[in-house]
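Since the structure comes first, as structure tokens, the remarks are kept for the end.
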Amino acid sequence: MRARIWSSRLLILAVAAWNIQAAAVLLLQTELISSGLDLDGPTGMAVTRGIGLLFLMWNIPYLVAAIHPIRHRFSLYEAFAMQLIGLVGEIVILLTTPNLSIAIVNTLNTYIYFDAAGLGLLVLAAYISRRTPSPGNVNITNS
């Protein structure tokens, strides 16, 4: 049981670390990122910082789930849902927004790959940390 919890915890923390790394880039390299996304000037920098802040906020359920993936199962499901929403949303944006610059297309593709991988890790974490009956508590009935 302990190995399952730690394995699940490490998978969740890997996804959280990716999110925090992305937030750090957005918050610490604001001018470079905003200009690369055609968001020049003070407004573009504010938007980029806001996105970085959202990435940090996004991590709360991930970190709670990592504390104990079984006891904080609901937070793991929240993280899963957030990851899925991000993935689907990015795909919809990519497919329905005409005339995107190459920089935006590349950025969306990066986030799509990132969110798909993160979703896979969270699904694996949920599977690993699922509740299973202990051998002494299994009910076997004859029909």
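All of the numbers you see were taken from the coordinates with simple rules; none came from a lab. No experiment lies behind these values; they were computed from the predicted model shown. Note that each Cβ is placed from the backbone with ideal geometry, even for glycine, and that neighbours are counted across all protein chains shown.
Share of pairwise Cα-Cα distances greater than 17 Å in the chain is 65 percent (whole percent). The Cα center of the range 110-124 and the Cα center of the range 1-55 differ in position by 14 Å. Computed on the Cα trace of the range 40-118, the radius of gyration divided by the Kirkwood hydrodynamic radius gives Rg/Rh = 1.06. Per-residue Cβ neighbour counts within 10 Å put 80, 114 in the sequence 114, 80, beginning with the fewest. Along the axis of the charge dipole computed for the chain (Cβ charges of +1 for Lys and Arg, -1 for Asp and Glu, origin at the Cα centre), the listed residues 43, 106, 20 are led at the positive end by 20.
Other residues with beta-carbon under 11 Å from the beta-carbon of residue 39 carry, at +1 per Lys or Arg and -1 per Asp or Glu, a net charge of -2. The local environment of residue 83, defined by Cβ-Cβ distances under 13 Å, has a net charge of -3 under the rule Lys, Arg +1 and Asp, Glu -1.
Order by neighbour count: 32, 121, fewest other Cβ atoms within 10 Å first, most last.
32, 121
Going by neighbour counts of Cβ atoms within 10 Å, the residues 8, 101 line up, fewest first, as 101, 8.
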